[in-house]
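The values are calculated or read from the model by the stated rules, or taken from the named source; none is laboratory data. Given the structure is predicted, the values throughout are model-derived calculations rather than measurements. Neighbour counts run over all protein chains shown; Cβ positions are idealised from the backbone, glycine included. Ligands, DNA and RNA are stripped out before the accessible areas are found, and what is left, the full protein with its side chains, is counted by its heavy atoms. Shrake-Rupley method; radii C 1.70, N 1.55, O 1.52, S 1.80 Å.
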Amino acid sequence: MNAFDLGKFEEEAQEKWTHAFESNPSNLEKCYLTVAYPYPSGAMHVGHGRTYIVPDVIARFWRMRGKQVLYPMAFHVTGAPVIGISKRIAKHDPKTIHLYRDLYKVPQNVLEEFTDPLTIVRHFASEYQRVMTACGISIDWRRRFTTVDPTYSKFIEWQWKHLFEAGHVIKGAHPVRYCTVDDNPVGDHDLLEGDKAEVIKFTLVMFHLGDAFIPTATLRPETIYGVTNLWVNPNVTYVKALVDGSAWIISQEAAEKLALQDHAVELLEEIPGRDLIEKIVSHPLCGKVPILPADFVDPDLASGLVMSVPAHAPFDYIALRDLQHAGKYTQIKPVPLIKVEGYGEIPAQDAVEKGGITHQMDSRMDSLTQEIYSAEFSKGKLFDKYGGKPVRVARDEIAALMIEKFASKIMYEFDTRPVVCRCGNKVKVKILHDQWFLKYSDPAWKTQVSDHLGDMALVPPEVRLEFDRTVDWLKDWACTRRVGLGTRFPWDTTQLIEPLSDSTIYMAYYTIAHKIREIDPRLLTPEVFDFIYLGKESPELPERKKLEAMRKEFLYWYPYNYRFSAKDLISNHLTFQLFHHVTIFPKDKLPLGMVVFGMGLLNGAKMSSSKGNVFLLEDAVSDFGADTVRMFLMGSAEPWQDFDWRNELVISTKKQIERFFNWVLESKDAAGEPHDIDRWLISRLQSHINRTTDALTNFQTRQALQEAYFGIETDLKWYRRRLTKNSDGSRELHTLCSAWIRLLAPFIPFTAEHLWKELAGEGLVSFAPWPVANEKLVNSRIELSEELISRTVEDIESIRKLIQITPKSITISIAPAWKHEIFLIIAKSNDRTTLIKEIMTDDAMRRRGKEATDAVKQCTTLIHRLPPHIVELLARESINEMAVFEAAKIFLEEEFGVPVHITEAESSEHAKAVTALPFKPAIIIE
Ligand SMILES: [Zn+2]
């Protein structure tokens, strides 16, 4: 009994695959595919599944096409997140315990050991390997490593020596994202929220209130001349603090932030916001103004107090207007100071009134503010009495003046909020001294990367723009951290190289990973790596033979052909790795291509482990079978599109695999003699082979499945229908099954491996030769004949539904030769507008008159409706419709259970016969 049992197929194949995908240099052409390695701090979900299965499908495809394929995997363990997790587990944090115990299903005894961060990553690394293997991902596991292995650290030290010598590693003071709980700078990967936030510079405008300063934060210091009041939140408790020796009134949050930005801060006393209302403050550039209440003032933005410029800031304008509507502060008038084309005297009033905005909470307020900000910056000019300069010039000059003469300071803040660390703490901006940076801002380095990007294959092509933009915008990158796992920074061993910075050229490490661990790490000097990777000789190299073997591996595999990753890594990892490659490796060892993935959705919502909206890959495999998971993930969207996991659709994928299985078992042993319909089936197969091959060459997994699965299945259904009674088909079916199994093998390797054995195929299907189309087997005449019959069958069916009578006979009436002439002329023509004229130059046609012009119109419409490749074939190949239908007469009679007559339309007496067209006979049901 050969039942459809995915679990059984998985077991059978795993046994045969144990070492099958270990790959060594050979005489074959190589294909090296890599994917961004995982940070194993939790269980894999189906989104991760796609990340590793897409390269696997491509790897399996090229392996079958005779290339020597390398697909390795390692684990990224560097950084602080796992340390935070272990601390939270030690503290019995209920949220973390719930995530790990209930969602990730970590057994209690293992969970207890998670207080050690290395235990967490070791546990999940082996889980990842187990689940990846269960998914049939064809990895060479001999090359597995983690980024805290001592030999890997030696490799990183070598890499950094080269970066340093090239002048790309610098030390300086710099504002960075910082977590005060972890006491560490925060990278993109350490954030729960706010990964797009940029650090921006506010100017603190210092107003006097008695002996203290009230610093208000602004991005538009030039508007000081238009200040009518300050805004203070009456519900907030502010503080008076000594900042660098003078008294400031600021929010509590601001006091903490300033302490991180090179200021000495000492708290003196608390001041309720309401106590500040209606106090009068002054500034040399705007004179005396009152403090007014406003709930919108956010104590967690910069200093926590703001100045109000109602003439130019829509928020200020509306807030003031609201107070005045309540009868308060009616003596205050907006003070304009900037002239800008397209706006009246008071731009904020203009914009608010034009927009019909009635209250502060209107969602359009932000865009309105941005609009005025941009307009005034790009074409605004200060009034003459304020100097008359363009805003873009005046802004910096006035900021400089305030800093020099009026005690102003710079304060750093994020442009969007909130920014939250993985530990749950709000991230702040800190100025780090003695911080090490990778100097990605260096224009010469950027140019090197841009030049190489131009030579790379990027899939899909539209990501090129995003790469260009990232190279352009990248700023210096804080590359060391104080806390975490990883390699010590060679020039300051109290620091560690941060996670994104030690993961840029590890694709080169895979080539030697399984061999280098045979060497004592203490022997791994920079000279050793210079030899392996750069071919530089030095005296007294240790273990010469082993080094030569590694050099050979590197030269064979490198550069990698394609790197696969999700699109959110374009702005960091995928671009960083290019910077590092161009510094370290020669031109002929630079990366060749990248494939960028879309995101995963679960029932329409974004997958996110931290929000619990995930479906674990392991559960998916045990519920549906690995092949089902693979085929669904590859078939529901192209890799660069977002995909949506829905269980009900996954179930139908499983049924498709089962149908395939049954088709093959039912067909493989057919032994009949081949007929025209077999030639048709094999002819069609050639184009499915070609199109599947093209699609996979272009990484279009969805398109490939459309051809390899649905295309062939549709043909088989028609084939079965066309077989005469009592026939199981011919021995050509064996040929078809053999090709079909191989075409689907990259997608559903377990089922394919099982069926390959059923078919007595040689060796493993994973290494069987990929089918190659044989042009000699393509028979367009037979393909056209079948197309004509199947279209006619469809027409008969729809007419029968329409007229709703029980037919006694069916007559198929075939178009006359002269209509075929017209059809051919139109099909071959490039310019269909002048056709009627052209056709009517022919005497015979002209004599037919309206009949001929009607036929031209009808043929034109028909040609528009037919698929272009059919039209193209018809233009080249003429078929004898009468003969085609005569040959199919028995089939048609069996299909419809009534006598079928085939007639020439011109000799028919039936009125409908005149509607017969080439490739679309008239159908008369009586
Ligand atoms: Zn933190």
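The set of residues in region 837-871 that are of a type in the set (A, V, I, L, M) and surrounded by fewer than 16 Cβ atoms within 10 Å (Cβ to Cβ) comprises M840, A844.
Can you tell me which residue within region 264-279, out of those that are touching a residue at least 24 places away in the same chain (Cβ under 8 Å) and under 30 Å from E397 (Cα atoms), is surrounded by the fewest Cβ atoms within 10 Å (Cβ to Cβ)?
Filtering first and then ranking leaves K279.
Is it the case that R101 is touching a strand residue (DSSP E or B) at 6+ places or on another chain (Cβ under 7 Å), in a helix (DSSP H, G or I) and more than 16 Å from the ligand (Cβ to nearest atom)? No, not satisfied. Among the numbered conditions (1) more than 16 Å from the ligand (Cβ to nearest atom); (2) touching a residue at least 12 places away in the same chain (Cβ under 8 Å); (3) out of contact with any His (no Cβ under 7 Å at 6 or more places or on another chain); (4) among the aliphatic types (A, V, I, L, M), the only one that L465 does not meet is (2). In the condition set (1) touching a residue at least 40 places away in the same chain (Cβ under 8 Å); (2) out of contact with any strand residue (DSSP E or B) (no Cβ under 6 Å at 6 or more places or on another chain); (3) over 27 Å from A637 (Cα atoms), H48 is compliant with all but (3).
Please verify whether D530 is assigned to a helix (DSSP H, G or I), in contact (Cβ under 8 Å) with a residue 12 or more places away in the chain and surrounded by fewer than 17 Cβ atoms within 10 Å (Cβ to Cβ), treating the condition exactly as stated. Here the answer is no, as D530 does not meet what is asked. Would you confirm, using the coordinates I've provided, whether W445 is away from the ligand (no atom under 16 Å from the Cβ), touching a Ser or Thr at 6+ places or on another chain (Cβ under 7 Å) and of a type in the set (F, W, Y)? Criteria not met by W445. Restricting attention to helices (runs of 4 or more DSSP H) lying wholly within region 792-862, give those where 2 or more residues are closer than 30 Å to E926 by Cβ. Ranges flagged: 817-828. Could you give every pair whose Cβ atoms fall below 7 Å, whose first residue belongs to region 777-796 and is touching a residue at least 12 places away in the same chain (Cβ under 8 Å), and whose second residue is among the charged types (D, E, K, R) and buried (at least 18 other Cβ atoms within 10 Å of the Cβ), counting only separations of at least 6 or pairs across chains? Within 7 Å, the pairs are N779/R679; I782/R679; E783/R684; L788/E881. Going by the conditions given, is V181 open to solvent by 60 Å² or more (accessible area, probe 1.4 Å) and within 16 Å of the ligand (Cβ to nearest atom)? So V181 fits the description; yes.
The helices (runs of 4 or more DSSP H) found wholly in region 424-523 and carrying at least 1 residues that are open to solvent by 10 Å² or more (accessible area, probe 1.4 Å) and touching a strand residue (DSSP E or B) at 6+ places or on another chain (Cβ under 7 Å) occupy 463-473. Among the criteria (1) of a type outside the set (V, I, T); (2) open to solvent by 50 Å² or more (accessible area, probe 1.4 Å); (3) free of Cβ contacts under 8 Å to residues at least 60 places away in the same chain; (4) more than 16 Å from the ligand (Cβ to nearest atom), the one E157 does not fulfil is (3).
Among residues that are open to solvent by less than 10 Å² (accessible area, probe 1.4 Å) and under 25 Å from D415 (Cβ atoms), V232 is included. Filtered by the rule that a residue be open to solvent by less than 30 Å² (accessible area, probe 1.4 Å), in contact with a Leu (Cβ under 8 Å, 6 or more places away or on another chain) and either within 16 Å of the ligand (Cβ to nearest atom) or more than 30 Å from S501 (Cβ to Cβ) (or both), region 403-423 gives S408, V419, V420, C421.
Considering region 285-320, and only residues there that are assigned to a strand (DSSP E or B), open to solvent by less than 30 Å² (accessible area, probe 1.4 Å) and in contact with a helix residue (DSSP H, G or I) (Cβ under 8 Å, 6 or more places away or on another chain), the residue that is nearest to L260 (Cα to Cα) turns out to be M307.
Applying the criterion of at least 3 residues that are farther than 30 Å from P461 by Cα, touching a Phe, Trp or Tyr at 6+ places or on another chain (Cβ under 8 Å) and in contact (Cβ under 8 Å) with a residue 12 or more places away in the chain to the helices (runs of 4 or more DSSP H) found wholly in region 645-739 leaves 647-667, 676-697, 712-722. Within region 246-263, the set of residues being farther than 18 Å from L301 by Cβ and either surrounded by 18 or more Cβ atoms within 10 Å (Cβ to Cβ) or aromatic (F, W, Y) (or both) is empty. For region 891-916, taking the residues that are in contact with a strand residue (DSSP E or B) (Cβ under 8 Å, 6 or more places away or on another chain), among the hydrophobic types (A, V, I, L, M, F, W, C) and not in a loop (DSSP other than H, G, I, E, B), the one that is surrounded by the most Cβ atoms within 10 Å (Cβ to Cβ) is identified as A913. Within region 684-710, restricting attention to residues that are open to solvent by 10 Å² or more (accessible area, probe 1.4 Å) and touching a Ser or Thr at 6+ places or on another chain (Cβ under 8 Å), the residue that is nearest to Y52 (Cα to Cα) is R702. The set of residues from region 42-88 being more than 15 Å from S766 (Cβ to Cβ), in a loop (DSSP other than H, G, I, E, B) and out of contact with any Pro (no Cβ under 6 Å at 6 or more places or on another chain) comprises G42, A43, M44, P72, M73, A74, H76, V77, A80. Selection over region 600-623 of residues that are free of Cβ contacts under 8 Å to residues at least 40 places away in the same chain and either touching a strand residue (DSSP E or B) at 6+ places or on another chain (Cβ under 6 Å) or part of a helix (DSSP H, G or I) (or both) gives a count of 5. A search for C-beta distances below 6 Å between a residue of region 568-589 that is within 21 Å of T470 (Cα to Cα) and any residue that is surrounded by fewer than 18 Cβ atoms within 10 Å (Cβ to Cβ) and modelled with pLDDT under 95, counting only pairs 6+ apart in sequence or on different chains, returns N572/D188. For region 184-230, the candidate set comprises residues that are part of a strand (DSSP E or B) and of a type in the set (V, I, T); within that set, the residue that is nearest to the ligand (Cβ to nearest atom) is V199. The lone criterion from (1) open to solvent by 30 Å² or more (accessible area, probe 1.4 Å); (2) touching a residue at least 12 places away in the same chain (Cβ under 8 Å); (3) not polar (S, T, N, Q) left unmet by H98 is number (2).
Cβ separations smaller than 9 Å between residues 6+ apart or across chains give no pair from region 106-117 residues that are closer than 14 Å to A43 by Cα and open to solvent by 100 Å² or more (accessible area, probe 1.4 Å) to residues that are in a loop (DSSP other than H, G, I, E, B) and not small (G, A, S). Could we say that S138 is more than 16 Å from the ligand (Cβ to nearest atom), open to solvent by less than 60 Å² (accessible area, probe 1.4 Å) and part of a loop (DSSP other than H, G, I, E, B) here? Yes; evaluated as a whole, the condition is true for this residue.
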